[in-house]
Amino acid sequence: MGTPDVATGGTLETTAEARSFDLFDVPEGYFDDPQRWLRLLRDHDPIHSNSDGTVLLTRYHDVRRVWRDLSASVDKSEMFLRKFGEGPLLRHHTTGMLFRDPPDHDRLRMIVNPFFDPDQVERFRPFINDLTDRLLDEAADRGELDFVADFARRIPISLITRIVGFPPEDGGLLRSLGLRVLFPLNPRVSQEVIDDGNAAAAEFSDYILEHVRRVRRRGVDGEPESVIEALVAAEAEDRRMSEEEVVQMCLLVFNGGHETTTNLIAVGTHHLLNHPDEYARLPEFTEEQLPGAVEELVRYVTPLQLQGRRTTKDLELASGPLAAGTEVILCQASANRDERAFDDPARLDLRRTSNAHVSFGLGVHACLGNQLARLEAKIVFPKLARRFPALARAGAPAFNENVRFRGLNSLPLDVGVNA
Ligand code: HEM
């Protein structure tokens, strides 16, 4: 028992431990299981000051409040100029709509939105079905596999490469370029990582431009078949986008579409193996019950864990005041496990009925690809559980060291005797 702390309801020791947490130098073991620290922050320091002056919010109602606030800005031009310097990395992370406020954000989003509505996304069902079946066959032949490299990664990357309009054989190269562009968004990265991000952003942008020019030359007839075609058609209609915006949109959509969904499939499977009763239940779910099960996996995994906003006016949060001009880090990974919002949040419950998770964000920037990610999960998880009811671990899982995109580098599995 420590000394009681009346302000937080905990002890002075737990309050001190929470305040000493540093997102820029996370404690040992954080990548294996961040939830121990996130709970400490929720309970004892919900408006946490990070060592760089930013503020980390971990409670569900505070995260929602800032995310929904139309006055909160995503423009990081000044912050990223200090972090990245001038160059292709800065251009990408300031031109893509994710880092643009309205009205520019809305002008760009309107062009790609129709391509990702639920009806359009359904077009990809046969592709996902066939690819999943093929990968399950390969896994059955192998017996043991690294579930990340041999399965989880291959579905989202094949799909998003095709959707954006790149040749399928380039998927692997583009994935690695894309990750090098994303990694510098993590807090505290070295100059080497930034230089590498700049090189990757330059190479990827040149690659995209080549494809955009190819589509422009041949023109777009009828309904666009890819994101590049949708953008080129919009350009041709009334030039609503600059060439730089077209390129950065392709890169943003591509990057949004692979790592998050890979992590949902891999980390989701890891958690299902920790909850064998839930895994065993999956094949029984009806078409009506399946969406609820997928929502629970998306909540539990929270593939994208953190998001940034800057307040432009004073806000009164449930946990206290937040001054105008604060750089805020919203932690959806913590919000989704907040006892103040969910019953027994640490339990994976595929039959959970009330589940207003925030994994896809809220407000104007809410995830463009949420229907696509949901469709992939609705197809992949039940197929996996039906085909391999005796799926088991064949080694220790290895988590990546990425505080934003939490995922697994490897997950050795044995498909079991019933394959
Ligand atoms: C489980 C998978 C996914 C998760 C957890 C996820 C999560 C998120 C979140 C939290 C945001 C909001 C960012 C913010 O408010 O700052 C977002 C935005 C976005 N996502 Fe996803 N995402 C997923 C899959 C996808 C897929 C498959 C695509 C491919 C189309 C995609 C493309 C985007 C784009 C382009 C944005 C920016 C939207 C905007 O600024 O208007 N995401 N995503």
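The values are calculated or read from the model by the stated rules, or taken from the named source; none is laboratory data. These numbers come from a predicted model, not from an experiment. A quick note on method: Cβ atoms are made from the backbone with ideal geometry, for glycine too, and the neighbour counts reach across all protein chains shown. Surface areas here come from the heavy atoms of the whole protein model, side chains and all, with no ligands, DNA or RNA. Shrake-Rupley method; radii C 1.70, N 1.55, O 1.52, S 1.80 Å.
Listing for the model above:
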| read-out | value |
| --- | --- |
| Residue identified as more than 30 Å from Gly85 (Cα to Cα) and modelled with pLDDT under 95 among Gly222, Gly257 | Gly222 |
| Unique match (being of a type in the set (Lys, Arg) and in contact with a His (Cβ under 8 Å, 6 or more places away or on another chain)) among Arg404, Arg386, Arg352, Arg340 | Arg340 |
| Unmet requirement for Ala396, which otherwise passes all of (1) over 17 Å from the mean Cα position of the chain (by Cα); (2) open to solvent by 40 Å² or more (accessible area, probe 1.4 Å); (3) in contact (Cβ under 8 Å) with a residue 24 or more places away in the chain | (3) |
| Meets criteria (out of contact with any Phe, Trp or Tyr (no Cβ under 6 Å at 6 or more places or on another chain), within 16 Å of the ligand (Cβ to nearest atom) and not in a helix (DSSP H, G or I)) for Asp62 | no |
| Residue check, Gly171 of a type outside the set (Val, Ile, Thr), open to solvent by 20 Å² or more (accessible area, probe 1.4 Å) and either within 16 Å of the ligand (Cβ to nearest atom) or outside any helix (DSSP H, G or I) (or both) | no |
| Number of positions in the range 251-298 that are within 16 Å of the ligand (Cβ to nearest atom) and touching a Phe, Trp or Tyr at 6+ places or on another chain (Cβ under 8 Å) | 15 |
| Of the criteria (1) in contact with a Gly (Cβ under 8 Å, 6 or more places away or on another chain); (2) within 16 Å of the ligand (Cβ to nearest atom), which one Lys378 fails | (1) |
| Pick from the range 66-84, criterion within 17 Å of Ala323 (Cα to Cα) and assigned to a helix (DSSP H, G or I), ranking: least open to solvent (accessible area, probe 1.4 Å) | Val66 |
| Verdict on Leu38 being open to solvent by less than 20 Å² (accessible area, probe 1.4 Å), part of a helix (DSSP H, G or I) and modelled with pLDDT of 95 or more | yes |
| Selection within the range 262-276 - assigned to a helix (DSSP H, G or I) and open to solvent by 10 Å² or more (accessible area, probe 1.4 Å) | His270, His271, Leu273, Asn274, Pro276 |
| The range 109-126, residues that are surrounded by 15 or more Cβ atoms within 10 Å (Cβ to Cβ) and either over 24 Å from the mean Cα position of the chain (by Cα) or assigned to a helix (DSSP H, G or I) (or both) | Arg109, Ile111, Val112, Phe115, Phe116, Gln120, Val121 |
| Check on Tyr279, in a helix (DSSP H, G or I), within 26 Å of Gly395 (Cα to Cα) and in contact with a His (Cβ under 8 Å, 6 or more places away or on another chain) | no |
| Output for the range 326-364, where each listed residue is more than 18 Å from the chain's Cα centre (by Cα), closer than 22 Å to Thr269 by Cα, of a type in the set (A, V, I, L, M) and surrounded by fewer than 22 Cβ atoms within 10 Å (Cβ to Cβ) | Ala346, Leu348 |
| Residue match in the range 365-375 (condition: more than 15 Å from the ligand (Cβ to nearest atom) and open to solvent by less than 40 Å² (accessible area, probe 1.4 Å)) | no |
| Members of the range 150-189 found to be β-branched (Val, Ile, Thr) and at pLDDT below 95, listed by number | Val189 |
| Residue, nearest to the ligand (Cβ to nearest atom), within the range 355-364, restricted to residues that are outside any helix (DSSP H, G or I) and in contact (Cβ under 8 Å) with a residue 24 or more places away in the chain | Gly361 |
| Which listed residue, of Gly85, Gly29, is under 25 Å from Leu182 (Cβ atoms) and modelled with pLDDT of 95 or more | Gly85 |
| Among the candidates Glu235, Glu225, residue that is outside any helix (DSSP H, G or I), away from the ligand (no atom under 13 Å from the Cβ) and either more than 27 Å from Asn402 (Cβ to Cβ) or touching a Leu at 6+ places or on another chain (Cβ under 9 Å) (or both) | Glu225 |
